[in-house]
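Input: a single structure, listed below in structure tokens.
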Amino acid sequence: MPQPIRLKDHEKDARLVRSRVIAGAVVVVALILALVARLYYLQVIQYEYHSTLSENNRVHVQPIPPTRGLIFDRNGVIIADNRPSFSLTVTRERAGDWEQVLDIIVEVLELTPDDRALFEKRMKQGRRPFEPVPVLFELSEDQIARIAVNQFRLPGVEVAAQLVRHYPQKEHFAHSVGYVGRINEQELKKLDPVDYSGTHHIGKTGIERFYEDQLHGQVGYEEVETNARGRVLRVLKRTDPTPGKDLTLTLDLKLQEAAEAALGGRRGAVVAIEPATGDVLAMVSQPSFNPNLFVTGISFKDYAELRDSIDRPLYNRVLRGLYPPGSTIKPMVAVAGLDAGVVTPATRVFDPGFYQLPNYDHKYRNWNRSGDGWVNLEMAIMRSNDTYFYDLAHKMGIDRLHDYLSRFGIGQRVSLDMFEEAEGLMPSRDWKRARYRQAWYPGETLILGIGQGYMQATPLQLAQATALMANRGKWIRPHLAKSIEGKPPVDENPMPDIVLRDPKFWDYARNGMEMVLHGPRGTARKVGDSAVYRIAGKSGTAQVVAIKQGEKYDRSKVQERHRDHALFIGFAPAENPEIAVAVMVENGESGSGVAAPVVKQVMDAWLLDENGQLKPEFAEPRPAEVLAHER
Amino acid sequence: MNGNFDRTLSSEDVMRRRASLLQRMHIDGQLLLLLLLLAAGGLFVLYSASGKSWDMLIKQAVSFGVGLTAMIVIAQLEPRFMARWVPLAYLVGVGLLVVVDVMGHDAKGATRWINIPGVIRFQPSEFMKIIMPATIAWYLAKRNLPPRLKHIAISLALIGVPFVLILKQPDLGTSLLILASGAFVLFIAGLRWRWILGAAAAVVPIAVGMWFFVLKQYQKQRVLTFLDPESDPLGTGWNIIQSKAAIGSGGVFGKGWLLGTQSHLDFLPESHTDFIIAVLGEEFGLVGVCLLLLIYLLLIGRGLVVTVQAQTLFGKLLAGSLTMTFFVYVFVNIGMVSGLLPVVGVPLPFISYGGTSLVTLLSGFGVLMSIHTHRKWIAQV
């Protein structure tokens, strides 16, 4: 059967196509409506959501670090300020072949391959896209100029300025003001992440550390528009940071320099306090170091040099150096003895050159082997007679001695605002039992009476004890901050004043101290003779190596570093004290011979005018009763 | 009879005389107006999307000029002439696709280009966008409608060869468009509904098969990202999250021309090419997108009118397919950017930056104009 031939029916084809076109048109309209519905959903119903999303994309908050507060000395001389420092940054996205750019930097600045390796390491550290990476800090003028000249070869390389802490006085205040340094990982964990979001440096020691909260200030913010690569395009809103508070210190640059000069290059410590206010006028620990080294990160070599130096420049002798106070403690022991009633001003002790406890063989030697004969309290201070104080200490006993000397600040932190002050040690029966599991021996009380044995004090504590003598027991914690934005620092934990049964007891001890310099047989009368005002003082020796019973201290046999430390404390003018000074000269041996002249030089610098006369404001007539007593 | 004939003649003469310059040039005024509108709007959006690049704007305008020229040239060709040369063009096109597969040049990881330096550089797959429907239309126009199973099978084979070749490039977007353009001819030719439904039912197993055997890793990723863009917000999900944020944050009236933050701050990827509708949505809002959709709808409507009025079956099938394929461009692109469809590389007609697609699209409209303006008036009587 042949298939029927189908003829093309154009009409039918056209109808078919038309129906399909209509079907297609319906689908088209339906799908377009679906798109419109989708857009309506996104743009009207979900508008808020997408609006927020797009806004969050665009706007970022950037912290603006506050400017750190300045530090001045008491006369307004700048001790710490902020200086623009220039660092070299490379933005990888704009540098093209950044490794080649590093090569050019090294070539232009004539650096070493080691620097090149360091740069590469810094470049590879984590960062956001388009963030400039600092590769070299503290550019010199010369380096900035070289970069500028070669700028055309250095795409993406910029010299960026930032404020960096600077200490124009360098070594002078390294041990009191301290320094700031880069925030390390441990500090980062403790710090408020918001407050420090823009800050790279933090106070590490000294005043910079203690007053960190006040000096730092409040972080500010900038709302910036950024593109998808994190590049800042413009600032939308800005909240300015609050700069840190300025700090005026009690320290006096001139006195500080004078005190350093007085030490004359020897290792040691000087603390000068104004007794009436507790202001620390000078605080010297020699040798010192340049704090600027630590600000941008000290090089390993420099740090090793400081750390390994036999002179220990990083060691803060004023606050951390612990020394047996030696004979400098005698005036305080005398005051304690009088107040406790174990001695009177008239009590006399015969000194044959040594002291023996009843029923003991051991001889506790006076420094003067031949003995001073009959001595009373004032003479005992003047002559620094050990026998008298052995006797006094024995009569008082350890418990009362501990109580009295503690009230002078021995064995506890005395300062108001100094970072990492050592407590020192004022031994007691309880302390010895806890420390050595041993009972207290009477002989240990005796040597405490002359400032030896377990007792340890910092030069700051000695200075404060001296200021208490000058102040007749009125306690004001020594402090470095004079005012923070005009307000003096507040002592939250004041020490109770030392109130004696009879205030005259102060005068007996003070007269003894005055006779040390001005008495006929005073141990430091050579120093006292040259003074145009009256000084009350006391020498002391801090043993470095113990001397065996029966052995004599022979300086020729002792290595230089094993020689005793020389101590001297004093205040002046003796009748109305304006300055109290404590000096420790490491391995200086003689308190009267080495430390006393240092004390006097510091006092001179404070009290005398340019003509060598007592400044008029310090020259007050002496009360008649004190004059009478002196004879 | 004679009088009638005379009247007809005279009326035709009148029409000829009245015929405007456009008609004599075989150009459809309505289509041209809509295309110029689109192109002008497109350049506005592109200026913003490209980050105020005059360079791109000028290049795009030049491409548009080239496209218009191609359109006018093609409009002069008689549909019968086209039908005669279609089989040869098809063979040449397939041949070029094979050449591309064998020794094509790399561009963006995919091999799509024929490049004879200094002479010509083009994508054979673009060429196939017009040749494909024309070939099927030429084949089916000679058969009785609706097509019988044998003819459908041959048609599918004709579609399948270039489809597979382009898919292998790999260019999923274009291959699907080519498939659609061929399939639309079958649809308009009256492919029976039960077979259409059957094919639709077969999509699921085919899709599963494609997933495991055909799709490349990045294509699978696109589908996964489409299903859950938040699963990888900084990686592959970034595009779609950012484009939705751009459109959504535009609201009803938009942020204003040149004020879109998503595109100007580079959060929106490919903002001047495939994702340009997001820029439009962000800066001109729902109103702007709806206006654009209206113009597209009018274009498609005109295309369908051309289809219905076409005198030859070849013309009807080709015009219908080109129109429907044009719609697929619009729908797939906007659907993808607004998160309705997975990300497939399909540009938005006349708005996205890119000369090749512009020339191809305008050539397609040239074919439509040719079909519409070469009708014989006498034959209709």
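The numbers here are math on the coordinates, done by the rules we state, and not lab data. Note that the structure is a prediction, hence the values are computed from the model and not measured. No Cβ is skipped: glycine too gets one built from the backbone with ideal geometry, and neighbour counts run over all protein chains shown.
Could you work out the helix-only [θ] at 222 nm for chain B, with each DSSP H run of four or more residues adding -39,500 (n - 2.57) and the total divided by the number of residues, to the nearest 500 deg cm²/dmol? Walk me through the numbers on the way to the answer.
Numbers: 16 runs with 276 residues, N = 381.
The per-residue figure over chain B is -24500 deg cm²/dmol.
Quick one: angle between helix A:504-518 and the longest Cα principal axis of chain A, in degrees between 0 and 90, rounded to 10, please.
Taking Cα atoms only, the helix is inclined about 80 degrees.
Going out from 0 in 10 Å bins, what whole percent of all Cα-Cα distances in segment A:10-91 drops into each bin?
Bins of 10 Å from zero give 12, 15, 14, 13, 12, 10, 8, 7, 5, 3, 2, 0 percent of pairs.
Measure up B:Lys129/B:Lys150; A:Lys330/A:Lys395; A:Lys124/A:Lys204; A:Lys504/A:Lys615; A:Lys254/A:Lys600 against 19 Å on the Cα-Cα distance and list the ones that go over. Show your work: numbers first, answer last.
Working: B:Lys129/B:Lys150 24 Å; A:Lys330/A:Lys395 15 Å; A:Lys124/A:Lys204 28 Å; A:Lys504/A:Lys615 28 Å; A:Lys254/A:Lys600 15 Å.
Among B:Lys129/B:Lys150; A:Lys330/A:Lys395; A:Lys124/A:Lys204; A:Lys504/A:Lys615; A:Lys254/A:Lys600, the Cα-Cα distance tops 19 Å for B:Lys129/B:Lys150; A:Lys124/A:Lys204; A:Lys504/A:Lys615.
Determine one quarter of the surface area of the Cα convex hull of chain B, which equals its mean projected area, and express it in nm² to one decimal.
Details: hull surface 85.9 nm².
Averaged projected area of chain B's Cα convex hull equals 21.5 nm².
By how many degrees, 0 to 90 and rounded to 10, does the Cα axis of helix A:98-108 deviate from the longest principal axis of chain A?
50
Report Rg(Cα)/(2.2 N^0.38 Å) for segment A:393-467, keeping two decimals.
On the way: Rg = 12.6 Å, N = 75, 2.2 N^0.38 = 11.3 Å.
Rounded to two decimals, the normalised Rg is 1.11.
Relative contact order (percent) for chain A, with alpha-carbon contacts under 8 angstrom and 6 or more residues of separation?
Details: 1244 pairs, mean separation 81.6, N = 631.
Once divided by the residue count of chain A, the mean separation gives 13 percent.
Could you order the peptides A:94-101, A:374-381 from most to least packed, using the average number of other C-beta atoms within 10 Å per residue? Don't jump to the answer; show the numbers that get you there.
Numbers: A:94-101: 14.9, A:374-381: 22.6.
Ranked from most to least packed, the peptides come out as A:374-381, A:94-101.
Would you mind checking the radius of gyration and Dmax of segment B:281-381 based on alpha-carbon positions, in Å?
Computed over the Cα atoms of segment B:281-381, radius of gyration and Dmax are 15.7, 52 Å.
What relative contact order, as a whole-number percentage, does segment A:253-630 give when Cα pairs under 8 Å and 6 or more residues apart are counted?
Numbers: 778 pairs, mean separation 76.3, N = 378.
Once divided by the residue count of segment A:253-630, the mean separation gives 20 percent.
Apply the Karplus parameterisation 6.51 cos²θ - 1.76 cosθ + 1.60, with θ equal to phi minus 60°, to every residue of segment B:363-376 and state each ³J(HN,Hα) to the nearest whole Hz, in sequence, with x for glycine and proline.
Ordered by residue, 3J(HN,Hα) equals 4, x, 5, x, 4, 4, 5, 4, 4, 6, 9, 9, 5, 9 Hz.
When the Kirkwood radius is taken over all Cα pairs of the protein assembly as shown, what Stokes-Einstein diffusion coefficient follows at 10 °C and 1.306 mPa s, in µm²/s?
Values: Rh = 37.5 Å.
Result for D is 42 µm²/s.
If you look at just the Cα atoms of segment A:189-278, how large are its Rg and its Dmax in Å?
Considering segment A:189-278 through its Cα atoms, Rg and Dmax are 21.2, 64 Å.
Taking chain B as a Gaussian network, Cα atoms linked when under 10 Å apart, which of B:Lys129, B:Lys255, B:Lys316 shows the biggest mean-square fluctuation?
B:Lys255
How well do other chains shield peptide A:51-63, expressed as the mean number of their Cβ atoms within 10 Å of each residue Cβ? Can you show the working numbers first?
On the way: counts 6, 3, 9, 16, 3, 1, 11, 6, 1, 0, 0, 0, 0.
Mean partner shielding for this stretch: 4.
Take every residue in peptide B:249-258, count the Cβ atoms of other chains within 10 Å of its Cβ, and give the average of those counts.
Shielding by partners across B:249-258 averages 4.
Quick one: putting +1 on the C-beta of Lys and Arg, -1 on the C-beta of Asp and Glu, what dipole do you get for the protein assembly as shown around its Cα centre, in Debye to the nearest 20?
On the way: 109 positive and 99 negative charges, 1088 e Å.
Computed about the Cα centre, the dipole is about 5220 debye.
Under a crude label model (7 Å from the Cα following the beta-carbon direction), how far is A:Glu99 from B:Trp85 in nanometres?
Once both label points are built, they end up 5.5 nm from each other.
Using +1 at the Cβ of each Lys and Arg and -1 at the Cβ of each Asp and Glu in segment B:28-380, identify which of B:Val185, B:Gly65, B:Met210 lies farthest towards the dipole's positive end.
Sorting the options by dipole projection puts first B:Val185.
Can you pull the mean other chain C-beta count within 10 Å for peptide A:28-41? Don't skip to the end; give the middle numbers.
Working: counts 13, 3, 0, 7, 10, 1, 4, 11, 6, 1, 6, 14, 4, 4.
What the average comes to for A:28-41 is 6.
What does the net charge come to around B:Glu283 if you take all other residues with beta carbon closer than 14 Å to its beta carbon, with K and R at +1 and D and E at -1?
Computed value for this residue: +1.
For segment A:253-630, what Kirkwood radius comes out of the mean inverse Cα-Cα distance, in Å? Walk me through the numbers before you get to the answer.
Values: mean 1/r = 0.0475 Å⁻¹.
Computed over segment A:253-630, the radius equals 21.1 Å.
If R0 is 41 Å, what FRET efficiency do you get for A:Glu257 and A:Ala145 from their C-beta distance, rounded to 0.05?
Numbers: r = 36 Å, r/R0 = 0.87.
Efficiency at R0 = 41 Å is approximately 0.70.
Of the listed peptides B:323-331, A:30-38, B:151-159, what is their order by residue-averaged count of other C-beta atoms within 10 Å, with the highest listed first? Mind showing how you got there, number by number?
On the way: B:323-331: 23.4, A:30-38: 14.9, B:151-159: 17.1.
Taking the mean over residues of other Cβ atoms within 10 Å, the ranking is B:323-331, B:151-159, A:30-38.
Looking at the P(r) of segment A:392-533, how many percent of alpha-carbon pairs lie beyond 28 Å?
Details: 3091 of 10011 pairs.
Result for the distance tail: 31 percent.
Which lysines does B:Lys216 reach when only Cα atoms under 20 Å apart count, and residues fewer than 8 places away in its own chain are ignored?
B:Lys108, B:Lys168
Which whole-percent values make up P(r) of segment A:61-249 when all C-alpha to C-alpha distances are grouped in 5 Å steps starting at zero?
With 5 Å bins starting at 0, P(r) equals 1, 7, 13, 16, 16, 15, 14, 11, 5, 1, 0.
By its C-alpha gyration tensor, with a ≥ b ≥ c as the square roots of the eigenvalues, how is segment B:200-344 shaped: rounded for a/c under 1.5, else prolate for a/b larger than b/c, else oblate? Provide the component values of the computation, followed by the final result.
Numbers: a/c = 2.99, a/b = 1.19, b/c = 2.52.
It comes out oblate by the Cα gyration axes.
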